[in-house]
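Right, one structure below, let's go through it.
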Amino acid sequence: MQLYNTLSAKERAALIEEAGQDRLTISFYKYAHIGNPVIFRNHLFIHWNEMDVLGRIYVAHEGINAQLSVPAENFGRFKDFLDSITFLENVRLNIAIEQDNMSFLKLKVKVRHKILADGLNDATFDVTNKGVHVNAEKFNELIEDPDTVLVDMRNHYESEIGHFKNAITPDVDTFRDSLDIIEKDLQDHKEDKKLVMYCTGGIRCEKASAYYKHKGFKQVYQLEGGIIEYTRQVEQLKLENKFLGKNFVFDHRRGERISDDIISQCHQCGEPCDDHVNCANEACHLLFIQCKKCAEKMNDCCSDHCKEIHALPYEEQKALRKGKVVSNKIFKKGRSEVLKFKKQSV
Ligand SMILES: [Zn+2]
Ligand SMILES: [Zn+2]
């Protein structure tokens, strides 16, 4: 029984190229009660591996959170398989608008403590007492209401390149931080204001809405299926699109364009730009926004220092990295003093 990947990303990319078949990028999540996440994990791996499904999937006692790439021709089988699992029957699948055969190159199904690192102690509140789910049409209506406070539940680097008009976009590095900031800001409006929230695919709002209700907010709403599903409904039903810019996504595309607006700037020169990249120096890997001109000038790096290191022979770079594993963590959040046009954390 094969329970782990046997191909490298490179070998996989070559195979996908050779097969020349279309793949769909799909995401879904579901909170449920999973008795034995390890057995469930292996069950998923065996079946998905056999269907040539790739992606990053988290499984925990509390449910499943999955981002996948599925061969279009196997979609029917994939769907039947999901429907064969009681709590995944008819689960809403978010299908990416842009076709991308290389969105994932490995199948990684991981057992975690939680499916979303939310930093919350779930035992202290009722996670099933969620906010009202609204579709795109109702959401558009709600956010025009003067009594509505619209909150973006994502991190700073996500809302930076795209968000809904008039949304509060907390300048935070983690989901947990934004929960507190918003609660403090809206302290006096727990009853009279409508708290409307959204995130990428809906998963963060599932918990956040229950948390806010527990904290005394009376009118809590969440965008069902997040920005991904909103975009789909807007296109299908020809609704007005109120989302500006790009939707940050967690595969190698990093962003899906929703409107033509470019609301952010290159962190190095300040020109309008909303393309996220990772610093080419592997010891840094900083996530930041870089325009084509700066990319060329800086050799895809975030700083002169990284540019110098990146120019060294690979073996020398490796030697420099030895014993410095933590450096990556400092930069992971997409902030650095070397970036002139990026807001620093407060
Ligand atoms: Zn630039
Ligand atoms: Zn760098």
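The values are calculated or read from the model by the stated rules, or taken from the named source; none is laboratory data. These numbers come from a predicted model, not from an experiment. Glycine gets a Cβ as well: all are built from the backbone with ideal geometry, and neighbour counts include every protein chain shown. Just so you know, the surface numbers come from the protein's heavy atoms only, side chains and all, with ligands and any DNA or RNA stripped out. Shrake-Rupley method; radii C 1.70, N 1.55, O 1.52, S 1.80 Å.
In the range 301-321, the condition of being of a type in the set (F, W, Y) and either within 16 Å of ligand 1 (Cβ to nearest atom) or closer than 26 Å to K340 by Cα (or both) is met by no residue. Here Q265 meets each of (1) modelled with pLDDT of 95 or more; (2) within 21 Å of L287 (Cα to Cα); (3) open to solvent by less than 40 Å² (accessible area, probe 1.4 Å) with one exception, condition (3). Of the residues F243, F250, F217, the single one that is away from ligand 1 (no atom under 16 Å from the Cβ) and closer than 24 Å to L105 by Cα is F250.
Scoring K342 on the criteria (1) of a type outside the set (A, V, I, L, M); (2) farther than 30 Å from L142 by Cβ; (3) at pLDDT 85 or above; (4) outside any strand (DSSP E or B) leaves a single failure, condition (3). V127 meets each of the listed conditions (1) open to solvent by 30 Å² or more (accessible area, probe 1.4 Å); (2) modelled with pLDDT of 90 or more; (3) within 24 Å of N65 (Cα to Cα) apart from (2).
Here the range 297-321 is the region considered, the condition is being under 18 Å from C269 (Cβ atoms), more than 9 Å from ligand 2 (Cβ to nearest atom) and assigned to a helix (DSSP H, G or I), and the residue that is least open to solvent (accessible area, probe 1.4 Å) is D304. Condition first: modelled with pLDDT under 90 and farther than 22 Å from R232 by Cβ. Can you find one or more residues in the range 131-152 that meet it? Looking for residues that are modelled with pLDDT under 90 and farther than 22 Å from R232 by Cβ, one finds none in the range 131-152, hence no. Determine, yes or no, whether I64 is over 22 Å from T200 (Cα atoms) and either in a helix (DSSP H, G or I) or touching a Phe, Trp or Tyr at 6+ places or on another chain (Cβ under 8 Å) (or both). No: the conditions fail for I64. In a residue-by-residue description of the range 138-153, the property of being under 22 Å from the mean Cα position of the chain (by Cα), more than 18 Å from K215 (Cβ to Cβ) and in a loop (DSSP other than H, G, I, E, B) applies to no position. Taken over the range 169-189, the residue count meeting the criterion of being surrounded by fewer than 17 Cβ atoms within 10 Å (Cβ to Cβ) and more than 16 Å from L287 (Cβ to Cβ) is 10. Beta carbons closer than 9 Å, at least 6 apart along the sequence or on distinct chains, pair a first residue in the range 298-309 that is on the phi > 0 side of the Ramachandran plot with a second that is within 15 Å of ligand 1 (Cβ to nearest atom) and not in a loop (DSSP other than H, G, I, E, B) for N299/K307; D300/V277; D300/K307.
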